[in-house]
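To start, the structure under review is shown below, and the notes come after it.
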């Protein structure tokens, strides 16, 4: 069928070819990194590849700053970033900041987070209380822990422990204390799912992202609340950056 379509197009003066998206790292490098973090991340391979290339781009182009992830689960995504940094340099110097409650996800707010969120994370807790939805991650091996992230990033991957900082607690409780102490940010990856958790991260961390740095919204295409928080933030701050689509779920922008 492909040959037929190609020949038909050629009769009309067109040439059809399949072009793969260029990678900053050879496929073998990314594939090895993907194998190492397998089981520690819920990211699709497309999202992993995009993040890996973004880290290498920052290294290649000299985009200064730390890599900050809000919502790390078992550390696979930021572990992938660490592998990209180690691929780019034998002596990496970027700080990695991991923000997470390291428990089950908190309940969505029915007023802003949409029907899909409520179907997937039914809870009787009040939306104004930060309480975990017990057992939310049981089907995929449970929630992440600091110990699991440390074992992956510092032991298996070998990223310097002195460059890894863990911020334990709900974003709304930890960010007011810890955000002012952070260095500039090259990559900010938000994976908080809900409206409130996305909004608080943008409020406290967006201004620390350097021009030319990346802001990744992992659940922009998945949950209404996450999308609403990002859209409202961009309108309110008059941010005219283009939102790049990685896949149906994940989007990112390059900070102007």
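Laboratory data are not the source of any read-out in this text; all were calculated from the coordinates shown. Please read these numbers as outputs of a predicted model, since none were measured by experiment. Cβ: placed from backbone, ideal geometry, glycine included. Neighbour counts: every protein chain shown.
Remarks
- Calculated over region 60-99, the projected area of the Cα convex hull averaged across directions stands at 2.9 nm².
- Helix axis angle, 195-205 relative to the chain longest principal axis, alpha carbon, degrees: 90
- Of the peptides 150-157, 191-198, 212-219, the order by per-residue mean of other Cβ atoms within 10 Å, starting with the highest, comes out as 191-198, 212-219, 150-157.
- C-alpha long axis of helix 27-37 to longest principal axis of the chain, angle in °: 20
- Structural descriptor for the chain: relative contact order 19 percent, calculated from alpha carbon pairs under 8 angstrom and at least 6 residues apart.
- Beta bridge orientation in region 23-254: antiparallel %, DSSP, nearest 5: 25
- GNM top mover of 72, 209, 164 - the chain, alpha-carbon springs below 10 Å: 164
- Stokes-Einstein diffusion coefficient of region 176-223, Kirkwood radius over Cα pairs, 10 °C, 1.306 mPa s, in µm²/s: 142
- For region 37-104, the Kirkwood estimate of hydrodynamic radius, built from reciprocal distances between every pair of different alpha carbons, is 12.4 Å.
- Stretch gain in nm, segment residue 147-residue 173, where the contour uses 0.36 nm per residue and the Cα spacing is subtracted: 7.2 nm
- When Rg and the Kirkwood radius Rh are both evaluated on Cα atoms of region 90-183, their ratio Rg/Rh stands at 1.05.
- Max-minus-min Cα coordinates of the chain on each principal axis give 65, 45, 40 Å, with the largest extent listed first.
- The chain: angle of helix 45-61 to the longest principal axis, Cα-based, in degrees nearest 10: 90
- Taking the average, over residues, of other Cβ atoms within 10 Å as the packing measure, peptides 137-144, 231-238, 74-81, 246-253 rank 74-81, 246-253, 137-144, 231-238 from highest down.
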